[in-house]
Amino acid sequence: ANSSNNFYLFIDDISITSPSVCNGSAPPVTCNLTTVQASRGVASNTAEPTAPIASANELTVKVLANPSASAFSLNIKSSSTVNVTLRITDLFGRTLKVIDHVQSNATLNIGEDLPRGNYVVEVKQNTITKVLKLVKL
């Protein structure tokens, strides 16, 4: 039986919608991707059961007190226990500070040593990267 199922991958947030007909109803769902079509940020695939699809990791980062005259509080939440890396850059892309081995599901105070200005903080965990803009008053 050659049963096909369609799912859509929204590039913006990487959301996968797939019928539970593939091979299993909870992640990891097993499917074999056969065709890919992309249009306006959406990729659609036709699937047949066989190859595994990994479940997506959730990573959220919220900044409190932005803009701030002192420090920023980053609230990091993840469904993974893998440590995250923070990189703070100025608007010219120059790396000012890198903080490695930050625990996921933690709150971290950063930026108390930064002068007034605009900054970008990049929070990376495995292949997931979240980017936030900071304003120091």
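Between Arg116 and Lys77, the FRET efficiency from the beta-carbon distance, with R0 = 30 Å, is close to 0.55. In this view, the solvent-accessible surface of Lys62, computed with a 1.4 Å probe and all protein chains in place, comes to about 130 Å².
Suppose R0 equals 35 Å; then what is the FRET efficiency for Ala106 and Ala69 from their Cβ-Cβ distance, rounded to the nearest 0.05? The pair Ala106/Ala69 has a calculated efficiency of 0.90.
If the chain linking Phe92 and Asn126 were pulled fully straight, counting 0.36 nm for each residue of separation and taking away their Cα-Cα distance, it would gain 9.8 nm.
The values are calculated or read from the model by the stated rules, or taken from the named source; none is laboratory data. Here the structure is a predicted model, which means the values were calculated and not measured. Cβ: placed from backbone, ideal geometry, glycine included. Neighbour counts: every protein chain shown. Keep in mind that these areas ignore ligands, DNA and RNA; they rest on the heavy atoms of the full protein, side chains included. Shrake-Rupley method; radii C 1.70, N 1.55, O 1.52, S 1.80 Å.
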